[in-house]
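Here's the structure we're looking at; comments come further down.
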Amino acid sequence: MIGNRKECIDYLLEQEDKTFEVKERKAKRSNNANSYYWTLLGKIADALRTSKDELHEKYLEEYGQSFLVPVEVGTVPKGYFRHYRYVTTNQINGKDADWYKVMKGSSDFDSREMSILIDGVVQDAKDLDIEVLPEEEIERLKELWK
């Protein structure tokens, strides 16, 4: 059920012998903004002769949130994390460990994080003389995420 506080409470008070999960409903970012990101990403990938997926990983690392994770030497964190990059082998608590940089996926970005990502891809597109939307339109897309 989706509703305001009173509607939800009234509904719940009428229910018996059921278990419910309550969570805040957050606005999703605009599909137009996400589509614009992937459109620019494709144009940049073509200009650089690389894949959109490789470029997406680069942008997640460069403009997104990340943290370092130690794992047993020889263990690859595939299946545990979607976006990661090997950094080094170093010791932790006297044992060798492979360290990976793990990046947050863009589908989990909030509005501020997605805005930073879009700013980065727009700037790179401009640097490559790829046409981008007017600044006002980009700002309008960003406003739709809030």
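The values are calculated or read from the model by the stated rules, or taken from the named source; none is laboratory data. Since this is a predicted model, take the numbers as computed values, not measurements. Please note: Cβ atoms are built from the backbone with ideal geometry, for glycine as well, and neighbour counts cover all protein chains shown. Areas reflect the complete protein model, heavy atoms only, side chains present, ligands, DNA and RNA absent. Shrake-Rupley method; radii C 1.70, N 1.55, O 1.52, S 1.80 Å.
Has segment 109-129 got at least one residue that is more than 15 Å from the chain's Cα centre (by Cα), among the aliphatic types (A, V, I, L, M) and either exposed (fewer than 12 other Cβ atoms within 10 Å of the Cβ) or assigned to a loop (DSSP other than H, G, I, E, B) (or both)? Yes, segment 109-129 contains at least one residue that is more than 15 Å from the chain's Cα centre (by Cα), among the aliphatic types (A, V, I, L, M) and either exposed (fewer than 12 other Cβ atoms within 10 Å of the Cβ) or assigned to a loop (DSSP other than H, G, I, E, B) (or both).
The residues in segment 13-34 that are open to solvent by less than 90 Å² (accessible area, probe 1.4 Å) and at pLDDT 85 or above can be counted, and the count is 1.
Output the residue which, of all residues in segment 73-102 that are on the phi < 0 side of the Ramachandran plot and not in a strand (DSSP E or B), is surrounded by the most Cβ atoms within 10 Å (Cβ to Cβ). Applying the filter and picking the extreme gives HIS83. For the condition over 21 Å from SER106 (Cα atoms), open to solvent by 60 Å² or more (accessible area, probe 1.4 Å) and in a loop (DSSP other than H, G, I, E, B), ASP10 does not qualify.
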